[in-house]
Each structure stands twice: as structure tokens, then as C-alpha cells.
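Asks: Take this structure first; my questions come after.
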Amino acid sequence: MEDGCLLLSIHATPLRVMSNPASPSHPLLVVPTGALQIPPLAARNSATTTPEIKLSLIIPTYKESQNIPTIVSKLSHLLNQTIRDRYELIIVDDNSPDLTWEVAQSLMPEYPQLRVMRREKERGLSTAVIRGWQAARGEVLGVIDADLQHPPETLLQLYAEMERGADLAVASRHVEEGGVSDWSIIRRFLSRGAQVLGLIILPGVVGRVSDPMSGYFMVRRDAIMGKVMDPVGYKILIEVLGRGNIRWIGEAGYVFQERQEGESKVTGKQYIEYIQHLLKLRISRWPLMRFIRFGVVGFSGVFVDMGIFYVLREIAGLALTRSAILSAEVAIVNNFLWNDLWTFGDISRTQKGWKKRIKRFLKFNLVCLAGLIINVLIVNILFNLLGMNEYVAKLIAIAAVTLWNFWINLKLNWRVTEVDER
Ligand SMILES: Nc1nc2c(ncn2[C@@H]2O[C@H](COP(=O)(O)OP(=O)(O)OP(=O)(O)O)[C@@H](O)[C@H]2O)c(=O)[nH]1
Ligand SMILES: [Mg+2]
């Protein structure tokens with residue numbers, strides 16, 4: 001009998017947590033659906049008495065029931081001392097078989113800043129983080145692993161960077177005071193190899209931080225708001241860097257700790273997904289649609305040029321050179337107007353005013369003139385020096401000059417400073 005009682009009491013603790021029914025006073029968060037897009041902050045009702053949330057920290061989990069009580073307690077303790085009730089912890093669990101979500105929900109009465117989301121239809125670390133951010137109420141959005149490999153104390157340094165004005169603050173293993181605790185040579189090699197691969201495929205993104213593989217960071221909501229995210233796999237930071245409007249980046253060193261409880265979910269699949277993710281971002285960053293529009297406008301210019309040339313020669317009876325120059329200039333005006341309105345319309349709208357438009361027009365003329373010189377040079381080199389067929393040479397020259405015109409105009413004329421390149 002005594003033994004029976006003992007057995008019952010040994011099983012009583014986990015059973016109490018596991019069988020905890022969804023409490024109506026501590027409901028789970030509704031899982032956002034649709035595009036992975038961060039909304040603006042909801043307008044605050046003036047009658048609201050709850051304090052404004054500054055920091056929303058997502059803790060993505062899969063089979064982390066053993067780590068949840070410790071991580072929640074540590075983070076709450078730390079944040080209560082600094083931003084008291086102006087933060088929220090959001091656990092996003094992918095319906096873990098060890099009922100992590102239920103363990104988390106059972107902690108809610110003790111931790112008022114804790115919220116829990118249980119995803120049953122989607123899976124994956126990166127999308128879990130974004131779904132959490134979609135439900136978040138803070139201006140600063142963060143992410144930290146549940147397994148205590150990310151030292152909670154570094155949070156305060158990251159938050160301090162955000163308060164100083166950073167758009168993104170990344171906990172890094174590759175700056176002073178950073179490192180990895182007990183990694184094997186193979187794991188170190190794979191991690192660095194992934195970084196080098198990233199630098200080759202996406203230098204402008206991966207090269208911006210010392211630890212692009214970090215899963216411990218904060219980002220300002222404004223910097224990613226409205227962007228449609230489409231991450232593959234584990235590396236949510238790459239997605240944020242690749243799609244966000246990130247100017248100021250802060251970093252804080254940390255030592256990646258060894259896992260004490262639970263098991264790693266990293267497999268070879270994550271490396272493949274990482275490469276897929278890099279390639280996907282690479283392609284999405286090519287301004288393909290803009291280039292197609294530029295090509296269509298250029299094509300329309302050919303007809304304008306020919307039409308005006310015909311009118312000047314046949315009807316007005318002008319000399320050949322004069323007709324050619326005039327018709328070319330009319331075509332340039334035509335192309336400029338369409339490009340300014342359509343191809344680069346989104347950029348023009350941010351650079352308003354007649355003065356700026358005239359400046360753009362003059363620059364466009366200069367780029368076209370340089371293009372003409374390059375065109376003649378290429379045809380001469382290919383035909384005279386390399387003995388190529390003159391029509392093939394001309395085609396190659398047209399293709400090269402179209403690319404030149406597009407690229408120089410994009411980078412120097414309709415300069416993409418604040419506007420997304422896509
Ligand atoms: N919601 C959700 N969380 C996940 C998923 N995969 C991993 N996580 C969580 O993401 C965090 C990082 O995952 P880990 O498996 O620890 O990966 P890691 O820290 O890069 O690698 P290790 O050093 O091997 O632990 C942990 O909190 C996991 O529980 C997933 O599919 N969905
Ligand atoms: Mg881990």
C-alpha cells in the first residue's frame with residue numbers, strides 16, 4: 001500500500017503538468033495564418049491600462065519540456081529587473097510530443113509576461129519565429145533558443161544596442177568575448193564552412209555580421225514590417241538581413257553553451273536547407289522585374305527612334321546626321337519618361353521635384369552616351385580584332401550595353417537608397 005502511494009506520488013508531478021487542461025484564463029495564442037509578414041503595431045486604445053510592451057522575445061521550441069521552466073524563470077528574472085512589465089516572452093511550440101506547449105502553459109499563472117502558441121499545422125524553426133513575431137506586441141522583436149545554449153544575460157547587451165538605436169542586434173560567437181564551448185573540430189569546420197559559402201553566394205547579406213549563423217538576436221519591428229518573409233530551415237537571421245531594411249547593426253559577444261537537457265534537432269537536412277535558403281534569397285535580390293520593364297521601354301524607344309527618323313527625313317527633309325541625332329534624343333526622352341514613371345517609378349516617387357527629375361534626365365543622357373561609345377567599341381573589337389560576324393557582334397554589343405545602361409541607371413541615377421531593390 002505504502003509502495004503504491006509512493007509510486008503514485010512519483011508520477012504525480014509530470015502527470016499534473018501533462019494533464020493540465022487549457023485554462024480559460026490563460027488561453028493559448030491564436031496561430032497567425034497567411035503570408036509570413038510582420039504587421040505594424042496595433043494602435044493602442046487610450047483607455048488601456050496595461051503598460052506598453054517594448055520587447056517581445058520569441059522562444060521557439062520543439063521537444064524542450066525539460067528546459068522550459070528554467071529558461072522562462074531565468075529570462076523573467078532578468079527582464080523583471082530591467083524592463084519590468086514592458087516585455088513579453090512568447091513560446092512557439094510545434095505541437096511537441098513531449099507536450100512542451102502544455103508545460104509552458106502551466107507556467108503562465110506564475111509568469112504574467114508569458115504567452116504560448118501551439119502550432120499544429122506548420123513546422124520549422126524559422127517560420128515559428130515569424131509566427132511568434134506576428135502575434136507580438138513589442139517594438140523590438142527578439143529570438144532566443146530554449147535549450148539554454150544562449151546565455152540569457154547577453155539579452156541585456158542586445159537590448160542596450162537596440163536602445164542606442166540599432167535596427168538589429170546580434171549575439172555573436174565571433175567577436176571579443178564570444179566563442180563556442182566544446183565544439184568538435186568537425187562542427188567548427190561545418191559552421192565556418194557554411195559562413196564562407198554564405199559569403200560567396202550572398203556577400204552583401206552574410207558579410208554584414210560577424211556571426212550570420214546566430215539564432216540569438218533582436219530586430220526593430222519597423223525594419224522588417226510589411227516584408228514578405230520566406231525562410232527555409234533554421235537561419236532566420238539571414239532572412240531578416242536579406243529582406244529587412246537594416247542600417248545600424250550592433251553585436252554582443254557570447255559563448256555558445258553546451259546543451260544540458262533535451263536533444264539537438266540539427267541534422268544534415270539543415271545544411272541542405274541553408275544552401276536552398278541562400279540561393280532563394282540570391283534570386284529574389286536580382287531586380288528581374290525591373291530589368292524586364294527596362295527592356296520593354298528600350299524596345300519602345302527603337303520604334304520612336306525609327307518613326308521620328310522617318311518623319312524628319314521623308315517629311316521634313318532634314319540631313320541624315322541631324323535626323324539621326326534628333327530622333328535618338330526623342331527616343332531618349334521617351335525612354336526616360338517611361339523609366340521614371342514605370343521602371344523606377346517607386347524610386348522616383350521618393351525623389352520628388354522638378355530639379356531632381358531634370359538631374360535624373362541629364363544623367364540618363366550621359367549614361368546613354370557612354371552606352372553608345374561602349375557599343376561602338378564592342379562592335380569594333382569583335383568585328384575588326386576578333387573577326388566575328390558583324391551582326392553577331394552588334395547583337396552582343398546591344399546586350400552588353402542594355403545591361404550597362406540598366407545597371408548604371410539603377411545604381412547611380414535612380415539610386416536605391418531607401419527602397420527595396422526588388
Ligand atoms: N517551434 C520549433 N522550434 C524548433 C524547431 N526545431 C528546433 N527548434 C527550437 O529551436 C531552438 C534551436 O534548436 P537546436 O536543435 O537546439 O539547434 P542548435 O542550437 O542550432 O543546435 P545544437 O547545438 O545541436 O542544440 C531550440 O529552442 C529548439 O527547440 C521546430 O521545428 N519548431
Ligand atoms: Mg541548441
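The values are calculated or read from the model by the stated rules, or taken from the named source; none is laboratory data. Everything numeric here is computed off the predicted structure, so don't read it as measured data. Cβ atoms come from the backbone with ideal geometry, glycine included; neighbour counts cover every protein chain shown. These area figures cover heavy atoms from the full protein model, side chains too; ligands, DNA and RNA do not enter into them. Shrake-Rupley method; radii C 1.70, N 1.55, O 1.52, S 1.80 Å.
Asks: Kindly work out what percent of the DSSP beta bridges joining two residues of the chain are antiparallel, to the nearest 5.
Replies: 25 percent
Asks: Taking residue 54 as the anchor, which lysines have their alpha carbon closer than 24 Å to its alpha carbon, excluding any fewer than eight residues away along the same chain?
Replies: The qualifying lysines are 74, 227.
Asks: Grab the alpha carbons of region 288-418, take their convex hull, and tell me the volume per residue in Å³.
Replies: 119 Å³
Asks: Separate question: Does region 246-302 classify as rounded, prolate or oblate by the C-alpha gyration tensor (a ≥ b ≥ c root eigenvalues; a/c under 1.5 gives rounded; else a/b over b/c gives prolate, otherwise oblate)?
Replies: oblate
Asks: Let me ask another. Against the globular-protein guess of 2.2 N^0.38 Å, express the Cα radius of gyration of the chain as a ratio, rounded to two decimals.
Replies: Working: Rg = 29.0 Å, N = 422, 2.2 N^0.38 = 21.9 Å.
Against the compact-globule rule of thumb, the ratio is 1.33.
Asks: Set the Förster distance to 25 Å, then compute FRET efficiency between residue 374 and residue 322 from the Cβ-Cβ distance, nearest 0.05.
Replies: Calculated transfer efficiency: 0.55.
Asks: Continuing with the same structure: How about residue 363: which lysines have a C-alpha closer than 22 Å to its C-alpha, ignoring those fewer than 8 places off in the same chain?
Replies: Excluding near neighbours in sequence, the set is 352, 355, 411.
Asks: What distance in nm separates the simple spin-label points at residue 255 and residue 314, each placed 7 Å from Cα in the Cβ direction?
Replies: Result: 8.4 nm between the two label points.
Asks: Take the Cβ-Cβ distance between residue 33 and residue 412 as r, set R0 to 35 Å, and report the resulting FRET efficiency rounded to the nearest 0.05.
Replies: So, using R0 = 35 Å, E works out to roughly 0.25.
Asks: Next question. Compare 170, 401, 143 in a GNM of the chain, Cα atoms joined below 10 Å, and give the one with the largest fluctuation.
Replies: So, out of 170, 401, 143, the one fluctuating most is 401.
Asks: Tally up the carbon and sulfur contribution to the accessible surface of the chain as a whole percent, 1.4 Å probe, everything protein left in place.
Replies: Answer for the chain is 63 percent, counting heavy atoms of protein chains only.
Asks: Starting from the 7 Å offset along Cα-to-Cβ, what nm value, one decimal, do you get for the label separation of residue 48 and residue 66?
Replies: 3.9 nm
Asks: Using a 7 Å offset from the Cα along the Cα-to-Cβ direction at both residue 73 and residue 225, what is the distance between the two label points in nm, to one decimal?
Replies: 3.8 nm
Asks: Here's a follow-up. Name the most mobile residue of 208, 322, 360, meaning the one with the largest mean-square fluctuation, in a Gaussian network model of the chain with Cα contacts below 10 Å.
Replies: 322
Asks: What order, most packed first, do the peptides 209-218, 284-293 have when packing is the mean number of other Cβ atoms within 10 Å of each residue?
Replies: The packing order, highest mean first, is 209-218, 284-293.
Asks: What is the list of residues in region 202-231 whose amide nitrogen lies under 11 Å from a point 7 angstrom out from the Cα of residue 270, following Cα to Cβ?
Replies: Only 214-215 fall inside the zone, counting backbone N under 11 Å.
Asks: Protein chains only, probe 1.4 Å: how do 228, 129 rank by accessible area, largest first?
Replies: In descending accessible area the options line up as 228, 129.
Asks: To the nearest 0.05, how large is the calculated FRET efficiency for residue 85 and residue 346 if R₀ is 60 Å and r is the Cβ-Cβ distance?
Replies: The pair residue 85/residue 346 has a calculated efficiency of 0.90.
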